[in-house]
Amino acid sequence: MWVGAELAKPNKGCCNENVGLRKLSTNLHVFLGAHLFIASEQKLYCYIRGRIMNWYIGAFKKFTVFSGRAHRPEYWYFVLFNILVNIACNIVDNVLGTFNPEYGFGPVGGFYMLVALMPGLAVTVRRLHDTGRSGWWILIGLVPFVGWLVMLAFMIFGSESGSNKYGTQPG
């Protein structure tokens, strides 16, 4: 079992598994059970901060890149964090009293949706490329219900292995 020898210090490389961690015998692990939770929580935090957040931030960095391919985790983690940020924006709008139930969002949520529109379109087009489809298939999402189901299926399908006409397989 791994146990945190010290609490996470964000600027000291907490995402390196060997920093601040030491192995203890199983006898001590019962005594220090709370530290086991902290260490595993720290690893989860470091994994989210290191790998998952890079996919989300990477989509914003490549907001004008409609060529190439995006594999499933890049797309789905972007969607996940968009949902979480939208929920947070709605909470902020509710606290500020600016949430408009008629539209389903307030000014903070509306601003975030405008900011995330281009990265969302770009990562979706790249995901379609990864499945071997043209980016123009994104327009099928405009068809109510059936179009959404088709797009969901396209996003769930696996990647084309190797290279396709849109580039090499990512990651």
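Could you tell me whether the range 69-146 comes out rounded, prolate or oblate from its Cα gyration tensor? Rule is a ≥ b ≥ c as square roots of the eigenvalues, rounded for a/c under 1.5, then prolate if a/b exceeds b/c, otherwise oblate.
prolate
Report the extension gain between ASN94 and PHE157 in nm, rounded to one decimal, defined as 0.36 nm multiplied by the number of residues separating them, less their alpha carbon distance.
So the chain would gain 19.0 nm between ASN94 and PHE157.
Across the range 143-153, in residue order, what do the Karplus-derived ³J(HN,Hα) couplings come to in whole Hz, using 6.51 cos²θ - 1.76 cosθ + 1.60 with θ = phi - 60° and x for Gly and Pro?
Those phi angles translate into 6, x, 6, 5, x, 5, 5, 5, 5, 4, 4 Hz.
Residue by residue through the range 76-89, what is 3J(HN,Hα) from phi via Karplus (6.51 cos²θ - 1.76 cosθ + 1.60, θ = phi - 60°)? Round to whole Hz and write x for glycine and proline.
3J(HN,Hα) across the range 76-89, in whole Hz: 5, 6, 5, 4, 4, 5, 4, 4, 5, 5, 4, 4, 4, 5.
Under the rule of at least 5 residues apart or a separate chain, name every residue whose amide H is placed under 5 Å from the amide H of PHE105.
Counting only residues 5 or more places away or on other chains, the set is ASN100.
For every other residue with a beta carbon closer than 10 angstrom to the beta carbon of TYR166, add +1 if it is Lys or Arg and -1 if Asp or Glu, then tell me the sum.
+2
Step through the residues of the range 155-169 one at a time and calculate ³J(HN,Hα) from phi using the Karplus curve (6.51 cos²θ - 1.76 cosθ + 1.60, θ = phi - 60°), rounding each to whole Hz and writing x for Gly and Pro.
Whole-Hz 3J(HN,Hα) from phi for the range 155-169: 6, 7, 3, x, 7, 6, 6, x, 8, 10, 5, 9, x, 7, 5.
Values quoted throughout were computed directly from the atomic coordinates according to the rules given, and no laboratory measurement underlies them. Because the structure is a prediction, the values reported are computed rather than measured. No Cβ is skipped: glycine too gets one built from the backbone with ideal geometry, and neighbour counts run over all protein chains shown.
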